[in-house]
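The values are calculated or read from the model by the stated rules, or taken from the named source; none is laboratory data. Since we're looking at a predicted model, the values are computed, not measured. Positions of Cβ are generated from backbone atoms using ideal geometry, with glycine treated the same way; all protein chains shown enter the neighbour counts. Quick note on the areas: whole protein, heavy atoms, side chains included, nothing else; ligands and nucleic acids left out. Shrake-Rupley method; radii C 1.70, N 1.55, O 1.52, S 1.80 Å.
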Amino acid sequence: MATESTENQAVDQVVDATVSTAAPAATAVQEKPAAAKAKTGKLSAQELIRAFEAEQLKDELPDIYVGDTVKVGVRIREGNKERVQPYEGVVIAKRHGGLNETITVRRIFQGIGVERVFMLHSPQVASVNVERRGKVRRAKLFYLRDRVGKATRVKQRFDR
Amino acid sequence: MSIGILGKKLGMSQFFNDEGKSIPVTLIEAGPCRITQLKSTSTDGYNAVQLGFGDIREKLVNKPAKGHLAKSGDEALRHLKEYRVDSVDGLELGGSISVTAFEPGQKVDVSGDTMGRGFSGLQKRHGFSRGPMTHGSKNHREPGSIGAGTTPGRVYPGKRMAGRYGGKQITTRGLVILKVDVERNLLVVKGSVPGKPGALLNIRPANRVGAKAGN
């Protein structure tokens with residue numbers, strides 16, 4: 001929860017910064033680009049990269065925790081037709097942050113364990129819905145790989 | 001022969017393309033570059049455009065450079081770079097070149113200084129393999145033999161040895177531009193470019209061997 005909120009704040013700040021500097025910079029360019037721009041305070045390299053990534057970030061993603069059961073809508077293109085295929089399973093790992101954030105979703109399909117890694121902000125991921133909140137005591141649930149049947153169940157929690 | 005643009009490497013990021021694939025990209029803050037001098041066959045013996053880029057404090061520019069920049073109405077620019085062109089028609093002294101000169105999908109060559117690695121050994125500099133680290137071996141990262149014996153009695157020129165590595169200009173060729181942000185003067189290029197963030201880069205339309213001039 002904490003990391004999610006700080007990330008959102010960071011994105012907000014970047015958006016504010018671009019708005020405030022865009023107007024004076026635009027007028028300055030017309031008069032004298034080189035000299036005037038130095039005084040109006042350009043965006044730093046980090047801010048420019050953050051702004052570039054902020055454009056690609058999805059803003060309506062739900063809070064996803066390790067242990068949750070999620071239903072991911074995956075865009076699939078067959079010829080010219082595009083459709084959304086659902087994939088449901090337990091989130092056993094979250095990696096990275098920001099634009100590069102991924103979740104690993106594990107499910108048992110026809111008796112065989114399948115794990116798929118989704119880049120949350122990718123356009124290929126059409127939707128992510130949390131079906132069930134899980135109560136776990138690990139950040140990575142790789143121990144589920146060694147378990148079969150009833151032992152793979154994750155306890156449900158109701159406070160999220 | 002065509003005009004390029006000078007820019008600053010900002011760093012790398014990623015970009016989702018139309019298929020939703022994540023592509024590694026480099027962000028370059030390019031231009032706007034001022035046209036500080038036009039050279040023509042009649043006065044200089046060849047046609048060229050000189051571009052200026054980068055802010056600098058005025059006191060760091062010496063008088064001769066200030067005099068040169070004054071001709072185009074500029075005060076202080078950090079970098080000057082010349083591009084040979086077929087003709088300087090349509091270009092104006094004091095005008096500017098911005099990222100609008102490039103378009104998405106275009107291929108470019110990007111030149112710049114590579115990261116300096118200082119005095120480096122053979123493994124890093126030339127990709128030699130190292131000796132065993134254990135089992136009594138003392139030949140860890142040594143160069144080994146550098147030649148034969150009494151004949152020829154010397155080391156051949158060009159023998160790869162340890163020394164300064166990096167900090168040299170190289171060109172990464174044929175990079176595809178994925179996005180042009182005119183408002184922020186950004187070029188988004190697929191792949192990596194030389195140098196660290198902040199490095200000066202020279203971006204120009206790709207020069208393919210065998211291609212006709214102007215293509």
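For this structure, a couple of remarks:
- For chain B, with +1 on Lys and Arg beta carbons and -1 on Asp and Glu, the positive-most of B:Asn62, B:Gly90, B:Pro197 along the dipole: B:Pro197
- Extension reserve of the B:Tyr156-B:Lys59 stretch, reckoned as 0.36 nm per residue once the Cα distance is removed: 29.9 nm
- Averaged over peptide B:75-87, the number of partner chain Cβ atoms lying within 10 Å of each residue's Cβ comes to 1.
- The 1.4 Å probe gives accessible areas that order A:Thr104, A:Thr152, largest first, as A:Thr152, A:Thr104.
- For residues of A:50-57, the mean tally of beta carbons on other chains within 10 Å: 4
- Take the accessible area of A alone and of B alone, subtract that of the pair with a 1.4 Å probe, and the total buried over both chains is about 2100 Å².
- Alpha-carbon centroids, segment B:50-127 and segment B:149-215: separation in whole Å: 15
- About the Cα centre, charge dipole magnitude for the protein assembly as shown (Lys/Arg +1, Asp/Glu -1 at Cβ), debye: 2160
- Along its first, second and third principal axes, ordered by size, segment A:75-129 spans 34, 33, 17 Å in Cα coordinates.
- Bridgeable lysines around A:Lys135 (alpha carbons under 30 Å apart, same-chain partners fewer than 8 residues away excluded): A:Lys58, A:Lys71, A:Lys94, A:Lys150, A:Lys155.
- For A:135-145, mean number of other protein chain Cβ atoms within 10 Å: 0
- MRE, 222 nm, helices only [DSSP H, n ≥ 4, -39500 (n - 2.57), over the protein assembly as shown, to nearest 500]: -5500 deg cm²/dmol
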